[in-house]
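Right, one structure below, let's go through it.
The values are calculated or read from the model by the stated rules, or taken from the named source; none is laboratory data. Since the structure is predicted, the reported quantities are computational estimates derived from the model, not experimental observations. Every residue, glycine among them, receives a Cβ derived from its backbone with ideal geometry; neighbour counts consider all protein chains shown.
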Amino acid sequence: MEQEFFTIHKVPTTIEDVLSSIVVAFVGGLLIALFYKITYKGSGYPKSFLFSLITLCMVTTIVILVIGNNLATAFGLVGAMSLIRFRTAVKDTQDIMFLFFALAIGMTCGVQLYGVALASTILIGFILILLSKTNVIFVKSTKYLLQFHYIFNEEEKTPTYIPVLNKYCRKNRLINSKVLGDTDAMEFSFYVELKNTKFSNNLLQDLKHSSGVSYAHLFFEDDHL
């Protein structure tokens, strides 16, 4: 019984099957990398991660081809893979999702379901683009980090930046203030919620033209205005 368990019939794989599976996995991985590039929200997408997605898709295909339906080989590969320790931490949950995406498509190519692999890649990819570009399930944030330098004027009863903040911001909260070196200038950091994000540049322009303000930047996630 034990011998039969480990000698389950393995379907023979030809060279043509191997090449076809790897080529389709490459195409699938290339599409996944393209979808990642389109939906990535950061300031610059990591090129090494794109190569990793393509390679992971093909490598997974090879693993599945080697395993086939042989349980002994499967257990051996699991034992070998368990010895590998990955030191690179994945910080973004989106990256983890794309890694599983590449794994799933690679496994599908490994069992030679090419139509399912390509159709699934294209369908899931377009859904990701739709969700990313249209914000169907996400509420667009209007909260920003505003930083500016200001020199107080004793003759002014109200700082000149106050009317500007009241004009463009629904809410504002001071989170940090510090003196800049030996000068009289101070740096202020505010969390602000804009009334309308279309007027963010107007906010900066009005601040920069206000008396006492010499520097103004508006930050949102990885971008700044």
Which residues, counting only those in region 152-177, are more than 33 Å from the chain's Cα centre (by Cα) and exposed (fewer than 14 other Cβ atoms within 10 Å of the Cβ)? Phe152, Asn153, Glu154, Glu155, Glu156, Lys157, Thr158, Ile162, Pro163, Asn166, Lys167
Which residue out of Lys178, Lys167 is outside the structural domain of Lys41 (by TED's automatic domain parsing) and under 30 Å from Lys41 (Cα atoms)? Lys167
Go through region 42-67 and count every residue that is in contact with a Lys or Arg (Cβ under 6 Å, 6 or more places away or on another chain) and modelled with pLDDT of 90 or more. 0
In this structure, is Leu128 closer than 16 Å to Tyr36 by Cβ and modelled with pLDDT of 85 or more? yes
Per-region count, region 21-60, residues among the small types (Gly, Ala, Ser), touching a helix residue (DSSP H, G or I) at 6+ places or on another chain (Cβ under 7 Å) and more than 11 Å from Phe101 (Cβ to Cβ): 2
